[in-house]
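As structure tokens, the structure follows; a few thoughts come after it.
The values are calculated or read from the model by the stated rules, or taken from the named source; none is laboratory data. All figures in this text were calculated on a predicted structure; none of them were measured in a lab. Cβ sites come from the backbone with ideal geometry, for glycine too, and all protein chains shown count toward neighbours. Accessible surface areas use protein heavy atoms only, side chains included; no ligands, DNA or RNA. Shrake-Rupley method; radii C 1.70, N 1.55, O 1.52, S 1.80 Å.
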Amino acid sequence: MSSSKPIRYSSVGETLEVPVINQLMAIPLEKPEVLSLAAGFTDNAALPVDLVTDIVAKLPETNPNNEFLQYGTTQGRPVLRKLTCDVLNNESSRSAPSFDPQNTYISNGSQQALFLATHTLCDPGDIVLVESPTYFVYLSMLQGLQVQPVGIPARDDGSMDHEGFRSVLSKLKEDGQLGRIKLAYLIGYYANPSSRCIGLEEKIGFAEVLGEFDIQIPVIEDGAYRNLFYETPNPTPSIMELDAFDPFPKLYLGTYTKPFATGMKIGYACCSESEWTSKMLCAKGNQDFGTANFTQAIIEQVMLQDRHKPLLNTLSRHYHAKAKLLHETLEASGLRNHGWHWDMPEGGLLLWMRAPEHVNTNMDGDFCEKCTDRGLSMFPATSVLPTNTQPILFA
Ligand SMILES: Cc1ncc(COP(=O)(O)O)c(C=O)c1O
């Protein structure tokens, strides 16, 4: 036990609590016997060990001067940024490129970019618009930054309720709070936790409602699971490619963790604005002045050698089979007859279940306790108010 005087923390440090994600991520590492459906881990069996081993063995040949073991730049490797944008632009329905390597940076997972984006825009007391439900780690980040999430209401099928959204904005206007909205955060593809994709009209409708209130805040689209579609890619263009979002500053986040290897912790952020990009890079420079050059160099070679696509096909098949097995096991269990709802996901790593109203799915409830007793870890997603959704659980 330390006998030193208590530390005097900053106002931010004072409010920081250990995020639940830290505990959830420790479970599969410390207790491999537990079936962990809680923390979005990829499957060890599907990690590209041979591919990475091969690429690493040849790095001294492919990257003369050993620069891959040297510091890189804060923005990240130019070739990797270009290759990343090329893929996104090639898949785009727009003829003009929407993703610019100059306004793109490589981050420590897309999580870091999400932090930098929010950190450069939001002061304590500001508001961020989020889907309902949304990525719980982002909610915890907002709490740490003392920023208030406001939920975009959802219909029973999980889609955005634009009418409800109008009411939310009207109420904020009435309360003189519209100016406090600094940012909107959307997860367009196979979302965490809902596993749903935002449809084209739904996305455009969202931009239109903001327009009705003369709100032109930056919009982030998180595409962490976009490449992990099971059969066909979701056809809805990202916000970077849609005319309806032209008036808004935009940031598209992607990653090479889930759709390559989570342990590489390489993500990327493509921005529509050079000024916002430099602000995020200044903040990143203060944090780490660059993401690990070594892991970037590995992914760069994977992309240069056109070896990512075949891996993506393998991963998609793998996770499709797992999702099917989970779905079929749940169907066979008869849970639906007891009021549970879920849809078979069309991509991603998550299956989201809604519990009947009488089941308390909170972490301190009976249900969670029983899951833990039986060697299963899961996480209850809570909707951000205002909302019209029922208690929910995702696995
Ligand atoms: C929706 C979403 N965004 C971003 C992340 C962060 O991913 P990474 O930092 O590994 O790129 C996650 C991780 O689970 C996620 O679920």
Filter result for the condition that a residue is in contact with a helix residue (DSSP H, G or I) (Cβ under 8 Å, 6 or more places away or on another chain), open to solvent by less than 30 Å² (accessible area, probe 1.4 Å) and outside any helix (DSSP H, G or I), over 72, 76: 76
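Assess whether residue 86 counts as being assigned to a helix (DSSP H, G or I), free of Cβ contacts under 8 Å to residues at least 40 places away in the same chain and within 26 Å of residue 235 (Cα to Cα).
On the way: assigned to a helix (DSSP H, G or I): yes; free of Cβ contacts under 8 Å to residues at least 40 places away in the same chain: yes; within 26 Å of residue 235 (Cα to Cα): yes.
Yes, satisfied.
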Taking the range 345-357, which residues are modelled with pLDDT under 95 and open to solvent by 20 Å² or more (accessible area, probe 1.4 Å)? 349, 352, 354, 357
The range 159-184, subset free of Cβ contacts under 8 Å to residues at least 60 places away in the same chain and assigned to a loop (DSSP other than H, G, I, E, B), residue nearest to residue 198 (Cα to Cα): 159
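For residue 17, are the conditions met, namely being in a loop (DSSP other than H, G, I, E, B), open to solvent by 90 Å² or more (accessible area, probe 1.4 Å) and either within 19 Å of residue 315 (Cβ to Cβ) or among the charged types (D, E, K, R) (or both)?
Details: in a loop (DSSP other than H, G, I, E, B): yes; open to solvent by 90 Å² or more (accessible area, probe 1.4 Å): yes; either within 19 Å of residue 315 (Cβ to Cβ) or among the charged types (D, E, K, R) (or both): yes.
Judged against the criteria, residue 17 is a match.
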If you take the residues of the range 34-49 that are touching a strand residue (DSSP E or B) at 6+ places or on another chain (Cβ under 9 Å) and among the small types (Gly, Ala, Ser), which of them is nearest to the ligand (Cβ to nearest atom)? 39
With respect to the numbered conditions (1) surrounded by 20 or more Cβ atoms within 10 Å (Cβ to Cβ); (2) modelled with pLDDT of 90 or more; (3) over 30 Å from residue 73 (Cβ atoms), which one is the sole condition not fulfilled by residue 337? (1)
Checking the conditions here, which among 187, 220, 239 is surrounded by 24 or more Cβ atoms within 10 Å (Cβ to Cβ), within 18 Å of residue 118 (Cβ to Cβ) and out of contact with any helix residue (DSSP H, G or I) (no Cβ under 8 Å at 6 or more places or on another chain)? 187
Residues of the range 42-55 classified as closer than 18 Å to residue 306 by Cβ and in contact with a helix residue (DSSP H, G or I) (Cβ under 9 Å, 6 or more places away or on another chain), total: 4
I'd like the full set of residues that are buried (at least 21 other Cβ atoms within 10 Å of the Cβ), of a type in the set (Gly, Ala, Ser) and more than 12 Å from the ligand (Cβ to nearest atom), limited to the range 110-152. 132, 151
Pairs only if they're at least six apart or on different chains, beta carbon under 6 angstrom, first in the range 230-246 and within 17 Å of residue 317 (Cβ to Cβ), second acidic (Asp, Glu) and in a loop (DSSP other than H, G, I, E, B); list them, first residue then second. 230/346
Mind listing whichever residues of the range 250-300 are open to solvent by 30 Å² or more (accessible area, probe 1.4 Å), of a type outside the set (Gly, Ala, Ser) and within 16 Å of the ligand (Cβ to nearest atom)? 258, 262, 265, 287, 288
Single residue of 322, 265, 284, 258 found to be of a type in the set (D, E, K, R), in contact (Cβ under 8 Å) with a residue 40 or more places away in the chain and within 21 Å of residue 100 (Cα to Cα): 284
Tell me which residues, restricted to the range 302-331, are open to solvent by 90 Å² or more (accessible area, probe 1.4 Å) and farther than 19 Å from residue 51 by Cα. 322, 324, 325, 328
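Can you confirm whether residue 226 is of a type in the set (D, E, K, R), open to solvent by 40 Å² or more (accessible area, probe 1.4 Å), modelled with pLDDT of 95 or more and in contact with a Ser or Thr (Cβ under 9 Å, 6 or more places away or on another chain)?
On the way: of a type in the set (D, E, K, R): yes; open to solvent by 40 Å² or more (accessible area, probe 1.4 Å): yes; modelled with pLDDT of 95 or more: yes; in contact with a Ser or Thr (Cβ under 9 Å, 6 or more places away or on another chain): yes.
Yes, satisfied.
This table checks each residue for (1) more than 23 Å from residue 203 (Cβ to Cβ); (2) of a type in the set (Val, Ile, Thr); (3) in contact with a Gly (Cβ under 7 Å, 6 or more places away or on another chain).
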{"residue": "231", "(1), (2), (3)": "no, no, no"}
{"residue": "236", "(1), (2), (3)": "no, yes, yes"}
{"residue": "287", "(1), (2), (3)": "yes, no, no"}
{"residue": "309", "(1), (2), (3)": "yes, no, no"}
{"residue": "320", "(1), (2), (3)": "yes, no, no"}
Would you say residue 300 is modelled with pLDDT of 95 or more, over 30 Å from residue 78 (Cα atoms), assigned to a helix (DSSP H, G or I) and not hydroxyl-bearing (Ser, Thr, Tyr)? no
Please find, among 118, 134, the residue that is at pLDDT below 95 and closer than 26 Å to residue 241 by Cβ. 134
